[in-house]
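Accompanying notes for the structure given below.
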Amino acid sequence: MSRKPLGKDKFGIQKVMRVSDYFADSLGQFALNAISGLIGQLTYFYTDKVGMAAGVVATVFLIAKIFDAFTDLIMGYIVDHTKPGKEKYRPWLLKAGIPAGVLIVLLFTVPVGNNMVQVAYMLITNVLLTAVFYTAICIPYGSLQIVRTNSQEERGTMGIWRSAAGYVSGMVIAIGVVPITNMLGGTQSAWVKFGVAFGLLIILAMLICYLFARETPVERGKETKAQEVKEEAVEAEEEETIPFKEAINKLFHNKYWVIILLLNLFSNIIYGLANSSGTYYCKWIYGNDNLVGVLGAIGMIPTLLGFILVGPMIKKLGVTKTLKVTFFLGIVANAVRFINPYHFWFNTAMGCVNTFANIPMMCLLGVMTSMSVDYNEYKYGVRMVASSTSAVSFGMKIANGIGASLVGWCLAIAGYKATMAVATTATKYAIFAFSFVLPLIMFIAMFILTCKFDLEEKMGDIQKTIAERKAAKE
C-alpha cells in the first residue's frame, strides 16, 4: 500500500522525513547520550565503588580527553575523503555502534587489586570508548542530519527528536543508576549488570538507526536504485577533497564554526557536570544519595516543557534570540542558588530552570552546524560536512570528560574521602563549585558567544549567492 506523498516546507523545499524516520534517526542520539551519561557517572563509580582517589580519576579523564582532542578532526577528514560511490556516513553506525555497546560493559569491570593495573585499565577503556568508537559514531551521525534532507525545517525537527531521545536516555541514567544499582546491592557487580543492560540497548538503538538511515534526500518508498546511485555520485562530486591541514585551517578561520564549537563545548560541560554532580550533592548536602532519583524525575518536567516550547520559541524569536533568552534564564537560575544552597526544593526548582535553559542549545546544534556548512561553501567553495560536524562530537565527549574531571579535581582539592561520615566544609564548597558556580560561568560565556553569532540573518543572501554560483557553472 503506497503512502501519501510528503509536501514541501514553508520555503518550498521537498520534505522527505516521516515519523518513523524521525524516530529511528533519534535512536542514534539515544545511544550517544547513554554513553556520555554513563561516562558522567564514572567519577562516582571509580571513587565510591572501586575506591580510587578522586585526583587520580580526574587526571586519567584529562589524559583520555587529550586523545579525544585529536580524533574528532581526524575522523571528520576520513569521512569526508571516503571514495566516491561508497556510503560515507551510514556504515559507521554499525562499525562503531556494536563495539561501543560492548565497551560500556567493560567500563565497569575494573580489576580489583593493583592500583596501577586499575589506572591503566580505566585509561584504555575510556580512550577506546570516547576517542575511537564514540567519535566514529558521532561525526557520521551528525553529518546525516545535514545530508538526509535539504529542508531546514526538517533538520530542525530532527534536532528536536534527537534531543528528546538523548534526554530520555540521559534522564533514565540520572534517575535510575544509583537507586537501581543500590537495589542490586550497591556493589561494583551491580554497576556491571546495569552496564550490560545499557550496552544491549545501545547496540539495538544503533541497529535500528542504521536500518532507517539515508545519505540522500530521497523520500522513502519512492526512490529507485538509479536515483540513489545518481544522487550519491552527485554528492560525491560536489565535495572537493582538500588536504587535512588545509581543511583544519579553513574550519578555524570560519568564526561561526568556532562559536558553535565553543557553545557546544560549554553546553555539554553543563550537561556533564549535572550528570556527575547530582549524586554527590544528594549524598553530602541532602544526606541521601537515593534522592538523585527524585531530582531526575522532577527534572523530566522542564525537559518536556523545553521540547514542547522550543519549536514555538524558534518560530517567534528565531534561533539566536531563543538561545539568548534561555541562556539568560540559566544565568539567573544558577546565580540565585548562592542565596540558600542547602534548601532541597529551592535548589531543585532552580535546577529545573537550569535544565530548561540548556535544551534549546541541544535542539539547535544541528541547525547551526548546517549554517556553518553553508558558510564554508560560501567562503571557500567546499562544504566539509563531516569535518564541520566534528564540532558536535568534540563538544559532546570532550565536555563530558571535562565535566567529570572538574568534579574529581574539586573533590581532590577539598581532600574528599568516600569513607568519611560527614562532609567537611571544604567538600561542601567543592560540591557547590561544580554544581552551580561553574555552570553559571558557562552560561555567561554562552550568552556572550551567542551575541556574536549573526549568521542566521545572513543565510538568505548566502544561499542565494551559492545558488547563483552553481547556476553559472551549469
Practice problem: Tell me, please, whether a residue that is buried (at least 18 other Cβ atoms within 10 Å of the Cβ), assigned to a helix (DSSP H, G or I) and under 17 Å from the mean Cα position of the chain (by Cα) can be found in the range 45-58. | Solution: no
Quiz item: helices (runs of 4 or more DSSP H) wholly in the range 380-474 with at least 1 residues that are in contact with a Pro (Cβ under 6 Å, 6 or more places away or on another chain) and either basic (Lys, Arg) or at pLDDT 90 or above (or both) - which ones?
Solution: 425-432
Exercise. Read through the list (1) in contact (Cβ under 8 Å) with a residue 60 or more places away in the chain; (2) among the β-branched types (Val, Ile, Thr); (3) part of a helix (DSSP H, G or I), then give the number of the only condition that ILE301 fails.
Key: (1)
Quiz item: Got a sec? Which of PHE133, PHE108 is crowded, with 19+ Cβ neighbours inside 10 Å and either charged (D, E, K, R) or without any contact (Cβ under 8 Å) to a residue 40 or more places away in the chain (or both)?
Solution: PHE133
Quiz prompt | Residue selected from the range 8-44 under the condition hydroxyl-bearing (Ser, Thr, Tyr) and closer than 14 Å to PHE108 by Cβ, by the criterion surrounded by the fewest Cβ atoms within 10 Å (Cβ to Cβ) | solution = TYR44
Exercise. Take PHE30 and decide whether it is in contact with a helix residue (DSSP H, G or I) (Cβ under 6 Å, 6 or more places away or on another chain), at pLDDT 90 or above and not small (Gly, Ala, Ser).
Key: yes
Quiz item: Which members of the range 148-159 meet the condition of being surrounded by fewer than 24 Cβ atoms within 10 Å (Cβ to Cβ) and in a helix (DSSP H, G or I)?
Solution: GLN152, GLU153, GLU154, ARG155, GLY156, THR157
Exercise. Determine which member of the set ALA100, ALA131, ALA136, ALA164 is in contact with an Asp or Glu (Cβ under 7 Å, 6 or more places away or on another chain), outside any loop (DSSP other than H, G, I, E, B) and of a type outside the set (Ser, Thr, Tyr).
Key: ALA131
Self-check item: the range 244-274, subset in contact with a helix residue (DSSP H, G or I) (Cβ under 9 Å, 6 or more places away or on another chain), modelled with pLDDT under 80 and more than 22 Å from ILE441 (Cα to Cα), residue surrounded by the most Cβ atoms within 10 Å (Cβ to Cβ)
Solution: ALA247
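The values are calculated or read from the model by the stated rules, or taken from the named source; none is laboratory data. From a predicted model like this one, the values you see are computed outputs, not experimental measurements. Quick reminder, even Gly has a Cβ in these numbers, built from the backbone with ideal geometry, and neighbours come from all protein chains shown.
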